[in-house]
Amino acid sequence: MTDLLVDRTDGVLTLTLNAPQRLNSVTTEMFEQMSDALEDAEGVRVAVLTGEGRAFCSGAVMAPGATNTGILEAADRLIHALTGAPFPVVAALNGLAAGIGSSLALASDFQVANEDDYFLQAFVNVGLMGDGAAHELIAASIGRARATRMLMLGERLPNPEAYAAGLITHCVPAGEWQATVDGLVEKLASGPTMAYARIKSAINAAALLHLDETLATETVEQGVLGASHDFAEGVAAFSEKRQAKFTGA
């Protein structure tokens with residue numbers, strides 16, 4: 001079974017994370033495959049990013065104690081591919097969006113979520129910081145105060161609250177989710193692609209002023225944190241289902 005399904009039909013590029021057994025956590029290879037598909041998308045009018053099963057994406061597959069530079073660089077490339085694609089990208093959030101999954105959703109132009117699920121940035125619980133430009137994507141959408149709470153406290157943000165705060169574009173009852181996704185994709189696929197590309201570029205130029213700087217900072221600092229005692233302790237505490245004892249080392 002392949003971990004990523006790629007479909008191109010009638011101008012719609014659909015990328016489906018297909019690892020439901022691990023809640024669609026993403027590997028380096030999956031990041032690269034998604035970037036390849038988005039960057040080589042001649043004739044695409046709209047792209048859809050979604051997941052199989054009960055989660056959209058639970059994060060990245062990262063190894064404790066390693067710097068994970070390769071996977072972070074692959075994730076950064078995908079963020080650029082999503083924000084730089086000359087067509088709208090719809091994140092069809094079939095379930096929770098956690099860690100880098102949050103960033104993939106927010107780097108997309110539209111987010112269609114159902115009322116029953118949530119966003120989560122829980123890196124801090126194991127002594128890490130967010131990545132995938134989470135610090136810019138979240139702060140640009142909902143402001144410094146809410147971003148600080150989400151990233152420093154590691155709290156769940158239910159989709160209705162995410163919508164009310166301006167983090168996502170759509171939040172609907174679960175029974176209306178698929179029809180909403182289909183309707184939006186159909187509208188975008190038949191719309192003025194040249195205008196969409198220029199609107200998207202202008203919005204991102206205004207709202208994501210420091211995207212490259214944020215990605216570079218996250219990659220360097222996440223490498224430092226990934227080699228720390230606090231990260232090792234956070235992972236051990238999570239595995240042993242106990243409170244972590246962070247020392248700042």
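The spacing between the stretch 41-59 and the stretch 194-249, judged by their C-alpha centroids, is 21 Å. Mind checking the dipole of the chain: about its Cα centre, +1 per Lys or Arg Cβ, -1 per Asp or Glu Cβ, Debye to the nearest 20? Using Cβ point charges on Lys, Arg, Asp and Glu, the chain gives about 600 debye.
Calculated accessible area for the stretch 130-225 comes out at 55 Å² per residue, all protein chains present (probe 1.4 Å; ligands, DNA, RNA ignored).
Which GluC sites (Glu not before Pro) from the stretch 1-77 combine a DSSP loop assignment with at most 14 other Cβ atoms within 10 Å? Show your work: numbers first, answer last.
On the way: sites: GLU29, GLU32, GLU39, GLU42, GLU52, GLU73; in loops: GLU42, GLU52.
Of the GluC sites (Glu not before Pro), the ones in loops of the stretch 1-77 whose Cβ has at most 14 other Cβ atoms within 10 Å are GLU42.
So for the stretch 1-140: antiparallel DSSP bridges make up what percent, rounded to the nearest 5? All intermediate terms of the calculation are to be shown ahead of the outcome.
On the way: 6 of 25 bridges.
Given both bridge residues lie in the stretch 1-140, the antiparallel proportion sits at roughly 25 percent.
In degrees, nearest 10, range 0 to 90: what is the angle between the Cα axis of helix 69-84 and the longest Cα principal axis of the chain? Long axis of 69-84 versus the principal axis of the chain: about 30 degrees.
Between the helical axis of 134-153 and the longest alpha-carbon principal axis of the chain there is an angle of about 30 degrees. Taking every protein chain into account, the 1.4 Å probe leaves ILE203 with about 100 Å² of accessible area, to the nearest ten. Using just its DSSP H runs of length 4 or more, each adding -39500 (n - 2.57), the chain gives a mean residue ellipticity at 222 nm of -15000 deg cm²/dmol after division by all residues. Each of PHE110, PHE238, ALA85 was placed along the dipole of the chain (beta-carbon charges, centred on the mean Cα), and the one lying farthest toward the positive end is PHE238.
Comparing GLN178, GLN21, GLN33 in a Gaussian network model of the chain where C-alpha atoms under 10 Å apart are linked, the largest mean-square fluctuation is found at GLN21.
Take the Cβ-Cβ distance between ALA202 and ALA227 as r, set R0 to 41 Å, and report the resulting FRET efficiency rounded to the nearest 0.05.
Values: r = 40 Å, r/R0 = 0.97.
The computed FRET efficiency comes out at 0.55.
Straight-distance candidates among the lysines for linking to LYS187, with alpha-carbon spacing under 26 Å and chain neighbours fewer than 8 residues away dropped: LYS200.
Considering only protein heavy atoms and a 1.4 Å probe, what is the carbon-and-sulfur percentage of the accessible area of the chain? Mind showing how you got there, number by number?
On the way: 6490 of 11630 Å².
Using a 1.4 Å probe with all protein chains present, the chain comes out at 56 percent carbon and sulfur.
For ASP109, the solvent-accessible surface computed with a 1.4 Å probe is close to 40 Å², ligands and nucleic acids excluded.
The values are calculated or read from the model by the stated rules, or taken from the named source; none is laboratory data. Just so we're clear, the structure is a prediction, and the values are computed from it rather than from any experiment. Here the Cβ is made from the backbone with ideal geometry for all residues, glycine too, and neighbour counts use every protein chain on show. We work out accessible area using only protein heavy atoms, side chains counted, and drop any ligands, DNA or RNA first. Shrake-Rupley method; radii C 1.70, N 1.55, O 1.52, S 1.80 Å.
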